[in-house]
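A short reminder: the numbers here are calculations on the coordinates, not readings from a lab. These numbers come from a predicted model, not from an experiment. Note: ideal-geometry Cβ built from the backbone for every residue, glycine included; neighbour counts use all protein chains shown.
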């Protein structure tokens, strides 16, 4: 090559092309979105996160949750994300308006978390009545068994251990009926019932705390690390703390001691509970019939129908 | 004659004038010139190399621990700064910024000086650059381990560490570009195109990413777009350019014959700059982005077959008839391995970005296999090759033990081969499992545990390779190399082999 100028110009030109094409132009297209509202300008979605959840997002980023957990639901033709109940519709740019950092993730060594907060809301009313429908998974793993998981949440990551025992008897595909039944039986109470047989309901705040503290107490072969450094072990002075973890078995602290979440743990769980992309978006065709966001009671029959 | 006395006039006059005056041949002059250039680059390049190797060892240990923790999650579970989610970015960033960038810069400085036929002036500024770079990486890694990671992949260093890296970089790059400015060579060699490109692209991609993510952050998913635009360009246009440029130097140099075709090289360079820079969105196929962005990146990945094919063909034709030399020359053996891995890496990149394939392998360990192919099997192996060629010229000694070089090569080869195989096979299995909604999620992670154990074995092999190499390099550094006129061959040399090795 002869001249230096063409070389320099070419080096700059090719890269400017890529920079403009993949960052500047898309930024003009999707970089200035506004929350979606209905005709009256109400029901804005998405909404900014609470301060606690924003702090939790930093904890999530700092501890590298994103290297195992994605936060994006692909369309039904592009993967089984929706069938796995990770979301009711595909994710769209507008869902991430207020996310910073945006934590899409590119690995699923753990399940997708795009709707993890929403999933607890759906499950909690069901969980109240779960004992009635929990016959399929009574025994086996004893204290660590998750009746709610097997009965009412097909294809989630929680699976009762105990091999040949009752678990296979209730394959996930078979559960829509129980779900509907449970939902029908479940009173849509205002006060969420958070425990089932002394165990926290799936994806409830208490469940997340115990799961972060000891993932293998729920999923025996999980390879998620425990985040015990986000919890504090302290001596009970006077009254036990209201937010102390209800631990059993090996995890239980000695008499007179308790395990309480630090501020970081609380904010992390607040962040997880805030993850919810269930609100319909105009630009996304829902693959399942959209459930009106305000009435969770209507959701379960829809789920059943979608099957 | 001191380095400063090499005139800054065009080489033709200098080279022709001297023989007349002193009665020495032109080749003598060139040999002295090369020795002077090497002497002027000795201190900064060796500092970059030494730092890079120290980072490599740290990255090796972090990788090993992170790999173990994937299937032994309770190992050191209570230690906050060693939690897997911090080890993983720390390991990757030490590998990318500590090892790959530093060894790349060191090699690029040396190549630039040699190819521009000019000595390195004021090497102390480069030493300062190395110092700042080390500081930046150190601060960044401590930041990640202390829980200050930003959450953007490959940009996890806290912004203040990035600032230090930028200061270091400007010290380094200004000198490399200045050398190029004062070049005495008549033509610009292919390697110089790639190096110049890398030197000008890096501050752009790094600066743009830092500004668009931290200074005036873009909204929502655009952060991810900027993130992946940066990451793929870091891999292709920063490390990739240095790696390709180095291979274009090492292969012809060792076998002692010119590059097969300059035209092919030119096509390869420009199509590479044009297409490889557009591939970023291949990492988010089917993600929440306008479809055209992803389609553009997939198309770019497919079109990038053109530069891959031309570069591969060029290297192959240059090597033709000289493949037996790989039996002897460590530099050639590592470099050719890396050049072949580059082709594999690019083809795997095309494969996993096709929508039909991505629907299976996206979100699996296959993505990691792809990254490892690029960062290790291609770039790192080419750099090892270059170091086997360059270090003896800097310290004035030859490598001490052929057996250690062989051990390094085979441990690296089997290590990276096993790692890519495990991650890719594991990723396929994981992908099919994930797409079967009847299978509980926990099953999908359990099935790949076996592959993750295989990855640990691979990491162990790589650890052996790296510690052997570091020990050998240390011997060279402390003057324990062989004093010999002939380089260290891997095997006893047959008669028909040239002396360029």
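Between 0 and 90 degrees, rounded to the nearest ten: what's the tilt of helix B:26-71 against the longest Cα principal axis of chain B?
Tilt of helix B:26-71: around 20 degrees.
Any chance you could give the angle, 0 to 90 degrees and rounded to 10, that helix B:402-434 forms with the longest Cα principal axis of chain B?
Taking Cα atoms only, the helix is inclined about 30 degrees.
Could you work out the per residue convex hull volume over the alpha carbons of region B:417-481, in cubic angstrom? Spell out each step's value before the answer.
Working: hull volume 4.5 nm³, N = 65.
Hull volume normalised by residue count: 69 Å³.
What does the extension gain come out to for residue B:351 and residue B:327, with contour length at 0.36 nm per residue minus their alpha carbon separation?
Values: separation 24, 0.36 × 24 = 8.64 nm, distance 3.24 nm.
Taking 0.36 nm per residue and subtracting the Cα distance, the gain is 5.4 nm.
Residue separation times 0.36 nm, minus the C-alpha to C-alpha distance between residue B:484 and residue B:344: what's the value?
46.7 nm
Separation between the residue A:262 and residue A:8 pseudo-spin-labels, each 7 Å from Cα along Cα→Cβ, expressed in nm?
With each label placed 7 Å out from Cα toward Cβ, I get 5.2 nm.
Which order do A:221, B:263 fall in if you start with the one that has the fewest other Cβ atoms within 10 Å? Display every interim value, and only then the final one.
On the way: A:221 14, B:263 10.
Listed from fewest to most nearby Cβ atoms, that is B:263, A:221.
Determine the distance separating the Cα centre of region B:142-217 from the Cα centre of region B:262-309; give it in Å without decimals.
Computed from Cα coordinates, the inter-centre distance equals 21 Å.
With a 10 Å Cβ neighbour count serving as the proxy for reagent exposure, in which order, fewest first, do B:412, A:217 appear? Mind showing how you got there, number by number?
Working: B:412 24, A:217 19.
Least crowded to most crowded, the residues run A:217, B:412.
Helix-only estimate, please: 222 nm mean residue ellipticity of chain B, summing -39500 (n - 2.57) across DSSP H runs of length 4 or more and dividing by its residues, to the nearest 500. Don't jump to the answer; show the numbers that get you there.
Numbers: 19 runs with 342 residues, N = 501.
Value at 222 nm, helices only, nearest 500: -23000 deg cm²/dmol.
Would you mind computing, in nm to one decimal, how far apart the modelled labels at residue B:443 and residue B:26 are, each placed 7 Å from Cα along Cα→Cβ?
7.3
Report the calculated FRET efficiency for residue B:407 and residue A:234 (r = Cβ-Cβ distance, R0 = 41 Å), to the nearest 0.05.
Values: r = 52 Å, r/R0 = 1.28.
Using R0 = 41 Å, I get an efficiency of 0.20.
Can you give the Rg/Rh ratio of chain B, where Rg is from the C-alpha atoms and Rh is the Kirkwood radius? Can you show the working numbers first?
On the way: Rg = 22.8 Å, Rh = 23.5 Å.
Ratio of gyration radius to Kirkwood radius for chain B: 0.97.
Over region B:250-306, one equal point on each Cα, no solvent: what is log10 I(q)/I(0) by the Debye formula at q = 0.13, 0.16 Å⁻¹?
-0.47, -0.59
How high is the FRET efficiency between residue B:432 and residue B:295 when r is their beta carbon distance and R₀ equals 22 Å, given to the nearest 0.05? Please report the intermediate quantities before stating the final value.
On the way: r = 25 Å, r/R0 = 1.13.
Efficiency computed from Cβ-Cβ geometry: 0.30.
Can you list the residues of region B:470-493 with backbone N under 14 Å from a point 7 Å past the Cα of residue B:400, pointing along Cα to Cβ?
Counting backbone N atoms under 14 Å from the label point, the list is B:470-483.
Using label points projected 7 Å from each Cα along Cα→Cβ, tell me how many nm separate residue B:467 and residue B:142, to one decimal.
2.7
How high is the relative contact order of chain B, given as a whole-number percent (alpha carbon pairs under 8 Å, six or more residues apart)?
Working: 749 pairs, mean separation 75.9, N = 501.
Relative contact order for chain B comes out at 15 percent.
For a label point 7 angstrom out from the Cα of residue B:135 toward its Cβ, which stretches of region B:162-186 have the backbone nitrogen within less than 14 Å?
B:162-172
Against the longest principal axis of chain B, how steep is helix B:291-303, in degrees 0 to 90 to the nearest 10, with axes from Cα atoms?
Once rounded, one gets 40 degrees.
Tell me, A:9, B:75 in order of fewest to most beta-carbon neighbours within 10 Å?
Working: A:9 11, B:75 14.
Fewest-to-most Cβ neighbours within 10 Å comes out as A:9, B:75.
In what sequence, highest mean first, do B:81-92, A:237-248, B:426-437 appear when ranked by Cβ atoms within 10 angstrom?
B:81-92, B:426-437, A:237-248
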